[in-house]
Structures are given as structure tokens and as C-alpha cells.
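Read the structure below first, then the notes.
The values are calculated or read from the model by the stated rules, or taken from the named source; none is laboratory data. In this text the structure is predicted, and so the values were computed from the model without any measurement. Note that we place each Cβ from the backbone using ideal geometry, even for glycine, and neighbour counts take in every protein chain shown.
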């Protein structure tokens, strides 16, 4: 079985984002499905997003957080809301029972989230950043500086389901992450934002 380093090395993988905006995630999926080492072109991966075999790249911390949320929903939230529904039924006429309808809505939300999390986790591919090195790839921790304001920021590039920009977890699909992928320390990147074009220099790339 190949390790993360081999798996990133043997094709484009997350070392680059294609011009058709499907990204290296799609490239990785196609390579794994076909089990080939050939060079993949952007047009080869347009259908991978719809594949039932699509893997979801995720850090170990992100996987643990989603697993903990799922466990809480199934072992705490779900039993509690089922009990609340049962108690609300005892109050009589359900058509005018606000507590019952509120509990049913919450139960529906919980079940939907449980199914979503189970789907995400079943397709997850955990990436260990400590096994990687070099240019910016998925799971890299990148320190950048705004070339106009000299403001420094540090982000870890993570999957969309674990992203939290306020805590420095940058969605791999975001414009900044797309610009950073495949770049190295000392490189400058331009990012189009709602406020206009921003330029950043990459000060440090770490895999921690």
C-alpha cells in the first residue's frame, strides 16, 4: 500500500489546481479509480465529482471533530429528541401541539445531519501532513504576508467540511487556497477577492 508521500508524488494530485476549477482533488480520485500513474489532463476529470467513489480529503483533526459530532448526535441528541417527541404526544391533540411539531422538526434536522456525516466519513481519506514536504499541498500550514499592508496570516489548507477561517483552517476550494496550491516559499500569488485583487508572498510552508 502506498503512503501519502508516494500518492502525492506519482501524479499531479494536490500539487496543482487545474484551469477548469475541478482541482487536484478530482485528479486524485481518477488516479485512484483507474490505479494508473499516467499524466492526467483537466478534461479527464470532469466526471469524477459525480462519482460514487469520490474520496474526501481530510486531516486527522477534521476527521476526529466530525466523528465526535456524529457520536454526540447519535448517542445524546437523537435519544433526547425521541424522548421529547414521546412526551409531546402525551399532551393530546397533535395538530395544535407546538412542542410536538418543534421536536419533530429538530428530529428531522438531526437525522439529516447524521446521514450527511456518515456519508462524509465513509468517503474520507485522511492525509497525514507529517508525511509530506515541499510545495504547498493539501494539509500544508502556510504563512503569507499581504504585500500591501504587511499583515501576516497563517492558514492550514483543509477539506471543505472541516474549514473554519476564523481558526485558520482554509477551505481547499477557496480562492486563496487555489492560488497557493503548488507554490513554494518566496513565491508571490494574486488572489481576486470581493474587495479587489490582493497579492501575497509565501513566507513559510510547513507540514506539522
Which one of the conditions (1) in contact (Cβ under 8 Å) with a residue 60 or more places away in the chain; (2) farther than 20 Å from residue 204 by Cβ; (3) in contact with a strand residue (DSSP E or B) (Cβ under 6 Å, 6 or more places away or on another chain); (4) surrounded by fewer than 19 Cβ atoms within 10 Å (Cβ to Cβ) does residue 159 fail to meet, given that it meets all the rest? (4)
Among the numbered conditions (1) touching a helix residue (DSSP H, G or I) at 6+ places or on another chain (Cβ under 6 Å); (2) at pLDDT 95 or above; (3) crowded, with 17+ Cβ neighbours inside 10 Å, tell me where residue 114 comes up short. (3)
Flagged in the range 135-148 as at pLDDT 95 or above, in a loop (DSSP other than H, G, I, E, B) and out of contact with any helix residue (DSSP H, G or I) (no Cβ under 8 Å at 6 or more places or on another chain), in numbering order, are 147
Test result for residue 135, closer than 17 Å to residue 62 by Cα and surrounded by 14 or more Cβ atoms within 10 Å (Cβ to Cβ): no
Among the residues listed as 106, 115, 130, 173, the single one being out of contact with any strand residue (DSSP E or B) (no Cβ under 6 Å at 6 or more places or on another chain) and in a loop (DSSP other than H, G, I, E, B): 173
